[in-house]
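Each remark here refers to the structure printed beneath this line.
The values are calculated or read from the model by the stated rules, or taken from the named source; none is laboratory data. Note that this is a predicted model, so its numbers are computed, not measured. Because the Cβ atoms are built from the backbone with ideal geometry, glycine has one as well, and the counts that use them run over all protein chains shown. All accessible areas refer to the heavy atoms of the entire protein, side chains included, with ligands and DNA or RNA removed. Shrake-Rupley method; radii C 1.70, N 1.55, O 1.52, S 1.80 Å.
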Amino acid sequence: MRVTVLVLLMLVTSCASASTPVVSGVFGSRPVIELPSQRPGGTPEISVLAEGRGPRTSPGDVVVAEVVIRGWSGDATPLNTYDAGRPLTVVFGRDDVPGTWERVLIGRRAGSRVMLVGPARLAYGGAGAGQDDPLVLVFDILGGYPPDARLVGEELPRLAGPARSGTLIDGSGRQVGPGSTVVVQYVATRGPGREVVASSRADGGPRAFVLKEGAVPSEWVEGLVGKRVGSRVAVTRGSVVTVIDIIDLV
């Protein structure tokens, strides 16, 4: 999903105040943020830079988004998921994020780019020095998913027996390619007793990953590329078996 934001940025810029940053770039790629000379006030400001066409996120959803945060002084970047290859997953009520993020992320359409400008304590949370310093956050909203999102009628199994890889369910959705961003549920077990060592459901819900070396284990890239949304795949790494449901492709 690629949304060109240039026209919208021109409209935003034409009516922006002297303290409003200018953002350029396309949805899904790291935005370029130009800071104005005037610092913003102490109240968080939210601007929709591009309106998406996908489903709206709903209260209770796990929201998956790319985000970059830029400090007002220098080139400090506290968070940048675009280069990391691992989009942010926000579980409201569990993750330590400021309430402002709910206004930014809930009720938005997938494909939207939204900017948040405000003091660090209200825009990013936490405590300590510099909490009144302004930050600029630009979110690309990839989608919202129920915490228990799964293949229809299919719970994730804990496979018994020796470690093995393979396709357990063939999906019929869009095909996953190299470098694709997938939204998945997974459970990983280890050893003969199949002890659970990781579970997206236990951690609050679906997770998103970019299928490229360095962002996920190579076994994930090999196991998921070529599969379709709606597939269930088992991948192995040593004695660990991870069963993965491909929920969406964004």
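Couple of notes before you dig in:
- Label separation (Glu45 vs Arg103): 1.3 nm, computed from points 7 Å beyond Cα along the C-beta direction.
- Using the Karplus relation 6.51 cos²θ - 1.76 cosθ + 1.60 with θ = phi - 60°, the per-residue 3J(HN,Hα) values for the stretch 197-212 come to 10, 7, 7, 5, 4, 5, 8, x, x, x, 10, 10, 9, 9, 7, 8 Hz, with x marking Gly and Pro.
- Net charge of Cβ neighbours under 13 Å - reference Gly173; Lys, Arg +1; Asp, Glu -1: +1
- Relative contact order (%) - criterion: Cα under 8 Å, at least six apart; region: the chain: 19
- Cα centroid separation - the stretch 107-184 against the stretch 196-250, whole Å: 13
- Heavy-atom accessible surface of the stretch 137-250: percent carbon and sulfur, 1.4 Å: 49
- All other residues whose Cβ lies under 11 angstrom from that of Asp61 are scored, Lys and Arg at +1 and Asp and Glu at -1, for a net of +1.
- Extension gain for the segment Asp132 to Arg56, taken as residue separation times 0.36 nm less the Cα-Cα distance, is 24.2 nm to one decimal.
- Taking Lys and Arg as +1 and Asp and Glu as -1, the other residues whose beta-carbon sits under 13 Å from that of Val32 total +1.
- Remark: the stretch 92-232 carries 45 Å² of accessible area per residue (probe radius 1.4 Å; ligands, DNA and RNA excluded).
- A cut-off of 5 Å between modelled amide H atoms, ignoring neighbours fewer than 5 places along the same chain, links Val62 with Tyr145.
- Solvent-accessible area assigned to carbon and sulfur over the stretch 59-136 amounts to 47 percent, based on a 1.4 Å probe.
- Crossing angle, helix 6-15 versus the chain [Cα axis fit, 0-90 degrees, rounded to tens]: 30
- Percent carbon-and-sulfur accessible area, the stretch 17-56, ignoring ligands, DNA and RNA, probe 1.4 Å: 50
- At an R0 of 41 angstrom, the distance between the Cβ atoms of Arg228 and Ser37 translates into a FRET efficiency of 0.25.
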